[in-house]
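Structure first, then comments.
The values are calculated or read from the model by the stated rules, or taken from the named source; none is laboratory data. Only a predicted model underlies this, so the values are computations on that prediction, with no experimental measurement involved. As a convention, Cβ positions derive from the backbone with ideal geometry for all residues, glycine included, and neighbour counts pool all protein chains shown.
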Amino acid sequence: MEKKKIKILVLFYTRGGCTADFAREIGKGAEAIAGAEVSIKRIPEILSREALGHDPERAARMDAIEKEFPEATIEDLIEADGVAFGTPVHFGSFASQVKHFLDQLTLAWHQQKLVNKPAAVFCVGHGLHSGEEAALLSLIIPLLNLGMIPVGIPYPIQSDAHDFDAGSPYGAIFISASGKREMNDMDKKVAQILGRRLASMATLLSCGCDACGVCQELTRTLKHP
């Protein structure tokens, strides 16, 4: 029997482009899992260019990102077998653009469209200790309310102790130093680990086989409480 294709959506919001770069690495990790089909899409901007301030360099980056990545829809989220959510850190939390996108999921929540769908979170902060883990944890809360299953990165999987700063048990973190720092090998490694774990979990939960029945247990419980 042909193995089912698993759809992984890497969903992100960015202004300067760093979160888009990080999203690419998440996608590379997910693509490493056999049968995974990865799409990377951006969360729409809700502020005008005027509100974001006049910055020709930033405007050019935003134009390039909008050209490269298609705009995500709610249907993209519903159709995916697993979703990674990426955000810059805004005042110690995740971006309001991401919140606005999630707030459109009320009908999907009522219809239980996202229940048992694995989710991973990643973020980009300007500086160390500027709220990265708080942003990840705050983003996980609405995903739990939607019935999604968070996928993190246990410390032993990341690497030795001196490499812990490249990640978090709650998700992948990149410190951009206000856009001046490029991702190093550990940053990329942690992002790809998260992508692989997300795609692996989506594969397990979407298996639907009759051999063990365990992969269907969550769905059975949902349908027959």
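Structure data summary
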item: Qualifying positions in the stretch 50-74 - of a type in the set (D, E, K, R) and either within 19 Å of Phe101 (Cβ to Cβ) or modelled with pLDDT of 75 or more (or both); result: Glu57, Arg61, Asp63, Glu66, Lys67, Glu68, Glu71
item: Tally, over the stretch 16-32, of residues that are over 16 Å from Ala64 (Cβ atoms) and surrounded by fewer than 20 Cβ atoms within 10 Å (Cβ to Cβ); result: 3
item: Test result for Leu107, over 16 Å from the mean Cα position of the chain (by Cα) and not basic (Lys, Arg); result: yes
item: Filter result (among the small types (Gly, Ala, Ser), under 18 Å from Leu47 (Cα atoms) and surrounded by fewer than 18 Cβ atoms within 10 Å (Cβ to Cβ)) within the stretch 79-126; result: Ser96
item: Residue that is nearest to the chain's Cα centre (by Cα) [pool: residues in the stretch 110-135 that are in contact (Cβ under 8 Å) with a residue 12 or more places away in the chain, farther than 16 Å from Ser178 by Cα and part of a helix (DSSP H, G or I)]; result: Ala135
item: Residues located in the stretch 83-109, provided they are in contact (Cβ under 8 Å) with a residue 60 or more places away in the chain and not in a helix (DSSP H, G or I); result: Val83, Ala84, Phe85, Gly86, Thr87, Pro88, Ala95
item: Selected residue (only one of Asp63, Asp76 is surrounded by fewer than 20 Cβ atoms within 10 Å (Cβ to Cβ), in contact with a Leu (Cβ under 7 Å, 6 or more places away or on another chain), more than 21 Å from Ile153 (Cβ to Cβ) and of a type in the set (Asp, Glu)); result: Asp76
item: Of all residues making up the stretch 7-27, the number that are more than 18 Å from Asp76 (Cα to Cα) and either under 13 Å from the mean Cα position of the chain (by Cα) or part of a strand (DSSP E or B) (or both); result: 5
item: Lone qualifier among Ser93, Ser168 - being of a type outside the set (D, E, K, R) and at pLDDT below 90; result: Ser168
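A quick yes/no check of all residues on (1) under 22 Å from Arg24 (Cα atoms); (2) among the small types (Gly, Ala, Ser):
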{"position": "Phe69", "(1), (2)": "yes, no"}
{"position": "Ala84", "(1), (2)": "yes, yes"}
{"position": "Gln97", "(1), (2)": "yes, no"}
{"position": "Phe101", "(1), (2)": "yes, no"}
{"position": "Thr106", "(1), (2)": "no, no"}
{"position": "Gln111", "(1), (2)": "no, no"}
{"position": "Ala119", "(1), (2)": "yes, yes"}
{"position": "Gly125", "(1), (2)": "yes, yes"}
{"position": "Gly152", "(1), (2)": "yes, yes"}
